[in-house]
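No lab work stands behind these numbers, since they all come straight from the coordinates. Worth saying up front: this structure is predicted, and the values here are computed from it rather than measured. Cβ: placed from backbone, ideal geometry, glycine included. Neighbour counts: every protein chain shown.
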Amino acid sequence: MKPRKFAYIRPDTVDEAVAVLGEYGDDARILAGGQSLMAMLNLRLVEAAALIDIARIPELDTIRVAGDKVEIGAAVVQNRLLAWPDLKSRLPLLGALLPFVGHFQTRNRGTVCGSIAHADPSSEIPLSLAMLGGEVVLRSLRGTRVLAASDFQRGVLTTAREPDELVAAVRFPVAPSRHRVAFREVARRHGDFAIIAVAAMVEDAGAVRLGVGGMTGAPAIRRIEMNGGTAARDAIETLAWDLEGFEDIHASARLRRDILRRIGPVVIEEACRCAA
Amino acid sequence: MKKYHVSTTINGEPVEFLCEPQQTLLDVLRDTLNLTGSKEGCASGDCGACTVIVDGRMVCSCLMLGVEAEGRTVTTVEGIATGDTLHPVQQKFLEHAALQCGFCTPGFIVAAKALLDENPNPTEEEARYWLAGNLCRCTGYDKIIRAVLDAASEMRREAAE
């Protein structure tokens, strides 16, 4: 399949990019890594009058530690973040889950921000942003706004981004060193979209924060109290019914709930073991 | 539709081409430059048959526009051998019969070369993980992985000499 025709615009600065985006609005698509967008264009699942290529804008190609947050610009590709020497110490959750994002080929072009802007319900990177309580920085001619991850992703491929806004960066809070994490996902093949992805982070001795992707339109985040015995298992049982899951070509809602029941406790245990 | 003039280096040679914005790098390679080694399988980044190396990093050429190649250095499967001498990965694919229909082979060869450039001594697990973005629907992966690991040891032997 071949994409329909579109115009191609390569601005040199963010100001230029948002000016062009302001002009085209919904008719334009931002091209950064293109690893979701190009596939959708090739399969004609989306159409665009113009693509605005931001991949070469130097101010967007930065990983910056600002206070207790790591800010990642819109042009930073996933493999670059994966190779960032401070990743494991500052963002251990991303260190654990980035290797599951796509393949080497797609991680070499796919961007961190692009994955969040795309908002696939089973994607690992939006799950990590939601788990860590991160932020999305949106820029437009009207100015800059910063949204919490939970306010940004509204549902399946749906976000709070306005048509004239560019996802310029995302901010991940740096994990306190006492936080320990674990991540697992179930997919047909390594690198495929996860059917279910589960992340756990030990917040303090008595509680774990659990993040689940693939059950609902946006990542589901819950705090689970660990008062010994079967508390965690019971909480996950409740959570599975609560989230319900959905049916698609890969799995039924029932299979999704079942996978969550099986891997949820394992991931929690792994995170706890890691913390001890 | 406006055509763009793009200057690149492909397989060591400076190459200029004209393309329309919606043409992928794969379209340009195959249809404009007649480099038909790279294959189109899925056009969605799942199969890896179109894998090329851009500025030292392997990518799916079906998920990259021709215009995005401006100023970049591209290596395709046609640029892997040295003259008539096959690259060790190519030679080992032959020796291990790591192909049947051959459609996925160019992508595997390019991806395996990129792997061995980065990691000359991969474990089987590392090789399988690295090649997870390439699909084969007939030979099966066993022979392919054997060929890649054998090529790795061959290249280490050559490097030691």
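Descriptive notes on the structure:
- Over the residues of chain A, the helix contribution to mean residue ellipticity at 222 nm works out to -9000 deg cm²/dmol, using -39500 (n - 2.57) for each DSSP H run of at least 4.
- At R0 = 45 Å, FRET efficiency that the Cβ-Cβ distance of A:Glu237 and A:Ala83 yields, to 0.05: 0.70
- Electrostatic dipole magnitude of region B:88-160 [Cβ: Lys, Arg +1; Asp, Glu -1; Cα centre; debye, to 20]: 220
- Farthest towards the positive end of the charge dipole of region A:220-263, among the residues A:Ala232, A:Ala253, A:Ile221, is the Cα of A:Ala232, using unit charges on the Cβ of Lys, Arg, Asp and Glu.
- Of the residues A:Met38, A:Ala48, A:Val14, the one whose Cα sits farthest toward the positive end of the charge dipole of region A:7-53, with +1 on the Cβ of Lys and Arg and -1 on the Cβ of Asp and Glu, is A:Met38.
- Proximal charge balance of B:Asp27 [Cβ under 14 Å; K/R count +1, D/E count -1]: +2
- Potential extension, B:Arg156-B:Glu124 segment - 0.36 nm per residue separation minus Cα distance: 9.9 nm
- Computed over the protein assembly as shown, the convex hull of the alpha-carbon atoms projects to a mean area of 22.0 nm².
- Nearest-0.05 FRET efficiency for A:Val65 and A:Ala205, computed from C-beta distance (R0 35 Å): 0.80
- With contacts taken as Cα pairs under 8 Å and at least 6 residues apart, chain B reaches a relative contact order of 23 percent.
- Neighbour cut-off at most 15 other Cβ (10 Å), DSSP loop, GluC sites (Glu not before Pro), region A:152-261: A:Glu244, A:Glu247
- Sum of side-chain charges, A:Ala149 neighbourhood, beta-carbon under 12 Å (Lys, Arg +1; Asp, Glu -1): 0
- Each of B:Leu94, B:Leu131, B:Leu65 was scored by other Cβ atoms within 10 Å of its Cβ. Listed from fewest to most, they are B:Leu94, B:Leu131, B:Leu65.
- Qualifying lysines (Cα of each under 18 Å from Cα of B:Lys92; at least 8 residues distant if same chain): B:Lys113, B:Lys143
- Under a model in which nothing but the beta-carbon of Lys, Arg (+1) and Asp, Glu (-1) is charged, the protein assembly as shown shows a dipole of about 700 debye around its Cα centre.
- Which of A:Trp241, B:Trp130, A:Trp84 has the fewest Cβ neighbours within 10 Å, and the rest in rising order: A:Trp241, A:Trp84, B:Trp130
- Computed from the Cβ-Cβ distance with R0 of 56 Å, the FRET efficiency linking A:Arg254 to A:Arg145 stands at 0.90.
- 10 Å Cβ neighbours from other chains, averaged over peptide B:63-70: 6
- For the residues B:Arg137, B:Arg146, B:Arg128, a GNM of chain B with alpha-carbon springs under 10 Å puts the largest fluctuation on B:Arg137.
- Once exposed loop trypsin sites (Lys or Arg not before Pro) are cut out (DSSP; at most 11 other Cβ, 10 Å), longest piece of chain A: A:45-177
- Residues in region B:55-82 that a label on B:Lys2 would reach, taking backbone N under 19 Å of a point 7 Å out along Cα→Cβ: B:65-71
- Principal-axis analysis of the Cα atoms of chain A puts helix A:231-243 at an angle of about 40° to the longest axis.
- Cut-off 14 Å between beta-carbons: net charge of the residues surrounding A:Ser128, Lys and Arg +1, Asp and Glu -1: +2
- One Cα centroid belongs to region A:97-148, the other to region B:92-153; the line between them spans 31 Å.
- Toward the positive end of the charge dipole of region B:6-96, with +1 on the Cβ of Lys and Arg and -1 on the Cβ of Asp and Glu, the farthest Cα among B:Thr24, B:Leu63, B:Ser7 is that of B:Leu63.
- Reachable lysines, given that their alpha-carbon falls under 18 Å from the alpha-carbon of A:Lys88 and they are not under 8 places away in the same chain: A:Lys69
- Here chain B is treated with +1 on each Lys and Arg Cβ and -1 on each Asp and Glu Cβ, and its dipole about the Cα centre works out to around 280 debye.
- Size descriptors for region A:129-191, from the alpha-carbon set: Rg then Dmax equal 14.8, 43 Å.
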